[in-house]
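Q: Pasting a structure below so you can have a look.
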Amino acid sequence: MSPNLQTQTVLLTGATSGIGKAAAIALASLKATVVMVGRDRARSEAALAEVKAKSKNDRVTLLLADLGSQAQVRQLAATVRSRHPRLDVLINNAGAIFGNRRVTVDGLEATFAVNHLGPFLLTHLLLDLLQQSAPARIVNVASAAARMGDLPFDDPNMEQGYSQTRAYGRSKLANILFTRELARRLSGTGVTTVAVHPGVVRTRFGETASFWYRTGVRLLSSFWLSPEQGADTVVWAASAAEAATLNGVYLIRRQVSTPVPLGCDEQAAQRLWELSLRLTHLQSEPGPT
Ligand SMILES: NC(=O)c1ccc[n+]([C@@H]2O[C@H](COP(=O)([O-])OP(=O)(O)OC[C@H]3O[C@@H](n4cnc5c(N)ncnc54)[C@H](OP(=O)(O)O)[C@@H]3O)[C@@H](O)[C@H]2O)c1
């Protein structure tokens, strides 16, 4: 039986496209209040209209923020807190891959900043709201591409030897390690967190990747999952009764799976936490200890 999310508020990043937009439609169809986060106004307003029309739910709203800007992430969190007395589900879904190395307004390598540090900061700034709303869930959209990632400690800005695959793999490994460490720190609070690999999905993903990556996508993507299929485990983790007690695990096709060995490294998870606190200037702010 489908859950009824009438009393629940869900915040979802990367809601303008692909997996995020499909998840927004599914969760709004389950009657949740859905707060979509987009970046480009025109694309976001078009997605908002589509989500409302397809879900037949008017309790869907839009906030704009570039997750590569820590000032915009802070503003986003402040707006959520001022407009919403509760937050039951946070879905960190926005993500990107860059063919050439880019640096954000904060001076950080863009893949790590958008895919890991932005969600890390947003989650921290909303944790007390999630805890007040417990039971609450945090779903981090990771990827099996984590197997191509390394740990960021020697060169977090990837100034040496940039490659899109390494940068993307590192950011997705960070999603898995963040989930693991966050789950440990949230134990007993009523807030749970999981990481999800959505499968290989036909979306806009890769538009900013290298020519060869985009060519590969054009040739192969007709064999890939649809955005709705890709969103299935994300929506399940966010809403199913059976998923409510899952904490710190990595999910593929609704099943608990074992991530790459580095994704199970507790020391690496703690070191990444410390590095992320430093790079987001959160060190002196409250959070799970
Ligand atoms: N597609 C796959 O096969 C696959 C496989 C494994 C994991 N994933 C993960 O799934 C997630 C969703 O990807 P997708 O496949 O649905 O790709 P997509 O269609 O390109 O959607 C990505 C979403 O992220 C948003 N986004 C990108 N950079 C952003 C930024 N700086 N600030 C705010 N939002 C930003 C995009 O917004 P705009 O509309 O403004 O660009 C878009 O809404 C990502 O985390 C990706 O790593 C995808």
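Q: For segment 37-58, indicate whether the set of residues that are part of a strand (DSSP E or B) and buried (at least 24 other Cβ atoms within 10 Å of the Cβ) is non-empty.
A: yes
Q: Go over the candidates R166, R147, R170 one by one and state the one that is without any contact (Cβ under 8 Å) to a residue 24 or more places away in the chain, of a type outside the set (A, V, I, L, M, F, W, C) and within 18 Å of G263 (Cα to Cα).
A: Step by step, each of R166, R147, R170 is checked, and only R166 is without any contact (Cβ under 8 Å) to a residue 24 or more places away in the chain, of a type outside the set (A, V, I, L, M, F, W, C) and within 18 Å of G263 (Cα to Cα).
Q: Among the residues of segment 148-164, what is the count of those that are farther than 19 Å from L279 by Cβ and loosely packed, with under 15 Cβ neighbours inside 10 Å?
A: Here the count works out to 2.
Q: If you go through segment 209-227 one residue at a time, do you hit one that is in a helix (DSSP H, G or I), of a type outside the set (S, T, Y) and modelled with pLDDT of 95 or more?
A: yes
Q: While we're on this one: Inspect segment 243-263 for any residue being more than 30 Å from V103 (Cα to Cα), among the hydrophobic types (A, V, I, L, M, F, W, C) and assigned to a helix (DSSP H, G or I) and give the result as yes or no.
A: Yes, segment 243-263 has at least one match.
Q: Follow-up question, since we're still on this one. Restricting attention to segment 66-97, which residues are under 19 Å from I19 (Cα atoms) and in contact with a strand residue (DSSP E or B) (Cβ under 9 Å, 6 or more places away or on another chain)?
A: L67, V89, L90, I91, N92, N93, A94, G95
Q: Moving to a separate point now. Pick from A183, A195: which is crowded, with 17+ Cβ neighbours inside 10 Å and part of a helix (DSSP H, G or I)?
A: A183
Q: Sort out which residues of segment 92-115 are touching a helix residue (DSSP H, G or I) at 6+ places or on another chain (Cβ under 6 Å) and either within 10 Å of the ligand (Cβ to nearest atom) or outside any helix (DSSP H, G or I) (or both), and write them in order of number.
A: Of everything in segment 92-115, those that are touching a helix residue (DSSP H, G or I) at 6+ places or on another chain (Cβ under 6 Å) and either within 10 Å of the ligand (Cβ to nearest atom) or outside any helix (DSSP H, G or I) (or both) turn out to be N92, N93, G95, A96, I97, F98, G99, R102, T104, D106, T111, N115.
Q: From S17, S29, S55, S2, which residue is of a type in the set (S, T, N, Q) and within 13 Å of the ligand (Cβ to nearest atom)?
A: Unique residue meeting the criteria: S17.
Q: Determine whether L67 is surrounded by fewer than 21 Cβ atoms within 10 Å (Cβ to Cβ) and either within 16 Å of the chain's Cα centre (by Cα) or within 13 Å of the ligand (Cβ to nearest atom) (or both).
A: So L67 does not fit the description; no.
Q: Quick one: N140 ticks every box in (1) surrounded by 18 or more Cβ atoms within 10 Å (Cβ to Cβ); (2) within 16 Å of the ligand (Cβ to nearest atom); (3) part of a helix (DSSP H, G or I) except a single one, so which number is it?
A: That leaves (3) as the condition not met.
The values are calculated or read from the model by the stated rules, or taken from the named source; none is laboratory data. Only a predicted model underlies this, so the values are computations on that prediction, with no experimental measurement involved. Cβ: placed from backbone, ideal geometry, glycine included. Neighbour counts: every protein chain shown.
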